[in-house]
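One structure below.
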2 protein chains.
Amino acid sequence: MFSFKELSAAFAQRFSKPHFPKQPESLYAANDYFLGLGGKRIRPVMCLMGNELFDEIHEDAWQVATAVELFHNFTLIHDDIMDAAPLRRGFETVHYKYGSSTALLAGDVMLVVAYEYLNKISSSYIKPIINLFSRTAKEVCEGQQLDMDFEKLTTVSLEDYIKMIELKTSVLLAASLQMGAIIGGAGEGNCNHLYEFGKNLGIAFQVQDDYLDAFGDPEKFGKTAGGDIKQNKKTFLLIHALQTATGSQQKELTDLLNNDAEDKVQRVLEIFRDCNVDAWAKQLKQQYFDKALFHLEEIAVLSSRKKPLLEIAEFLIQRDY
Amino acid sequence: MFSFKELSAAFAQRFSKPHFPKQPESLYAANDYFLGLGGKRIRPVMCLMGNELFDEIHEDAWQVATAVELFHNFTLIHDDIMDAAPLRRGFETVHYKYGSSTALLAGDVMLVVAYEYLNKISSSYIKPIINLFSRTAKEVCEGQQLDMDFEKLTTVSLEDYIKMIELKTSVLLAASLQMGAIIGGAGEGNCNHLYEFGKNLGIAFQVQDDYLDAFGDPEKFGKTAGGDIKQNKKTFLLIHALQTATGSQQKELTDLLNNDAEDKVQRVLEIFRDCNVDAWAKQLKQQYFDKALFHLEEIAVLSSRKKPLLEIAEFLIQRDY
């Protein structure tokens, strides 16, 4: 069994080879540039770990892992266009560097190449894999659309927000694990539990992400603290605060959201603390983490095989950066 | 054997069923809207005809035809964003009606659904089909990038322009035919000839399109005459005129391109005529059409089976609208 760290290093090495033709350079340089910016490569490693939970890692799992990482990068390139984001991982976004039209095409072609990798795997399970991959791809697009829809609303229910996060973030984690499991020969029951493990872990991960953006140590987290607050982003924290704040707090919060006061971040954080949003978020995270663990427990393999997954799950939701 | 008209009507009926989930409506309404605008459905019918050239039309050919038409519409939605085009088929483009971000996602999700249709076909040829489809999808993106690159250049060689047209337009026609042929059980040699038939027909088609934009009867063609000229679009005609014009004609042509004179279309057309661009274009079209016919001849099936393809080929390049 390999640890996340080992698989991550092995994947990074394999993934560093060229994935695109050389010509036309005006198109493919954009893809090479973006992939060169790196990333944590969590999803492809989840695919490899999903495989190894049941059997030795098969060559096909590397192909699917590559497809998953290309798909993830395709979504980032297109999301950055939609968000008009100038920076990604501290570097210029593709549309900033190469223009929106090339960024659009670079994303399109990356999605196509993802399917090319899927098409390399054994015919014996190519259909369920492409099926799950495509369903997930649609869900991720749906999640992004809901995220944009929510930006235009003044209030969003916790239930709707969780549904959006599930689609935008969790299902890809869950599907990556399950595609690995399919290659590893897992049965339907085990596949479903692994999927639910990934889905709930993904939500816990997002709660942690929202938490760190508000309460994390900026030096460790690597982002400006309160970035979400500055942008009025709907987060687990804001949604809960708006639901639980008293009348006067709610008025102050709404005023802060509608005006860009200099001390906005500080004052919103005060309201968050007054509403015990931080403790609530920790509890919510734990709740989803427990659900994830329950499903991991239910998977019918030796518990020693689950160790690497358990470790990475704990790391992902306990991280302070 | 069915005629193009019969297959086109049958495909239109099948294609009119829903291809997308209902929710989120903010995303999928955009797809439904765009598909509802119609189109000539040439590519999916080519797929069906490619199948019928060798054998009775198999259910799988309808799935691939649907995938091809969805792919084509995905490229149109994204191209319209890149071109900032307000209208498509006389109606608002998706990004005009629903915003650029939704149009981007609507296109993305349409490409994914195209692959879902491909994933329904028999395992016995799913790999060569997805392989050809994906290679073609990449080429179409490359063609669009080259088209954008050429817009920024003052001159483009005929050779480079033909290469771009091949990628942007011809290969999808060619691949649609070949995918049908694969389903029909055609061997490699026949597949290759059918592909070349489609590729050369596609170029002849584009020459005709460029010709009609300049010299066609606007009432029949359904577009404003000289639209390409007004936009300084690189076309077969302009590229040839720039290559063959005398010094003074070339100067006048360049001046006309750099200024939006009121009589620009009329004066450019005069230069086109003085350079015999119209006769040259007809000859070039015939040259590619003859190449296409040569490859159709070479396909080893009874010539009576080729009749519907021959008819649609003649129709496509002789049309005056």
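Overview of results
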quantity	calculated
When residues of region B:122-146 are limited to those that are assigned to a helix (DSSP H, G or I) and open to solvent by 50 Å² or more (accessible area, probe 1.4 Å), the one farthest from residue B:313 (Cα to Cα)	B:127
Verdict on residue B:63 being open to solvent by 30 Å² or more (accessible area, probe 1.4 Å) and of a type in the set (S, T, N, Q)	yes
Failed item, numbered, when residue B:77 is tested on (1) more than 10 Å from chain A (Cβ to nearest Cβ); (2) within 16 Å of residue B:180 (Cα to Cα); (3) surrounded by 22 or more Cβ atoms within 10 Å (Cβ to Cβ)	(2)
Filter result for the condition that a residue is surrounded by 21 or more Cβ atoms within 10 Å (Cβ to Cβ), on the phi < 0 side of the Ramachandran plot and modelled with pLDDT under 95, over A:175, A:181, A:214, A:225	A:214
Residue match in region B:185-208 (condition: in a helix (DSSP H, G or I), open to solvent by less than 40 Å² (accessible area, probe 1.4 Å) and more than 30 Å from residue B:300 (Cα to Cα))	no
Residue among B:279, B:245, B:292 that is within 30 Å of residue B:197 (Cα to Cα) and surrounded by 15 or more Cβ atoms within 10 Å (Cβ to Cβ)	B:292
Given (1) buried (at least 19 other Cβ atoms within 10 Å of the Cβ); (2) touching a Pro at 6+ places or on another chain (Cβ under 9 Å); (3) within 9 Å of chain B (Cβ to nearest Cβ), index of the condition residue A:149 fails	(1)
Selection from region B:53-70 of residues that are assigned to a helix (DSSP H, G or I) and either β-branched (Val, Ile, Thr) or more than 19 Å from the chain's Cα centre (by Cα) (or both)	B:59, B:60, B:61, B:62, B:63, B:64, B:66, B:68
Output for region B:32-50, where each listed residue is more than 16 Å from residue B:74 (Cβ to Cβ) and either within 14 Å of chain A (Cβ to nearest Cβ) or open to solvent by 40 Å² or more (accessible area, probe 1.4 Å) (or both)	B:40
Positions within region B:80-89 being in contact (Cβ under 8 Å) with a residue 40 or more places away in the chain and more than 9 Å from chain A (Cβ to nearest Cβ), in sequence order	B:88, B:89
Residue that is nearest to the other protein chains (Cβ to nearest Cβ), among those in region B:92-121 that are farther than 14 Å from residue A:131 by Cα and part of a loop (DSSP other than H, G, I, E, B)	B:99
Residues that are over 14 Å from residue B:127 (Cα atoms) and facing chain B (nearest Cβ under 7 Å), drawn from region A:127-144	A:131, A:134, A:137, A:138, A:141, A:142, A:144
Residues of region A:1-31 classified as open to solvent by 20 Å² or more (accessible area, probe 1.4 Å), part of a helix (DSSP H, G or I), in contact with a Phe, Trp or Tyr (Cβ under 9 Å, 6 or more places away or on another chain) and within 14 Å of chain B (Cβ to nearest Cβ), total	2
Contacts under 6 angstrom Cβ, first residue in region A:245-272 being outside any helix (DSSP H, G or I), partner of a type outside the set (Phe, Trp, Tyr) and surrounded by 16 or more Cβ atoms within 10 Å (Cβ to Cβ), 6 or more apart	A:245/A:253; A:245/A:275
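The values are calculated or read from the model by the stated rules, or taken from the named source; none is laboratory data. Remember, predicted model here, so these are calculated numbers, not experimental data. Note: ideal-geometry Cβ built from the backbone for every residue, glycine included; neighbour counts use all protein chains shown. Surface accessibility is based on the protein's heavy atoms, side chains included, excluding ligands, DNA and RNA. Shrake-Rupley method; radii C 1.70, N 1.55, O 1.52, S 1.80 Å.
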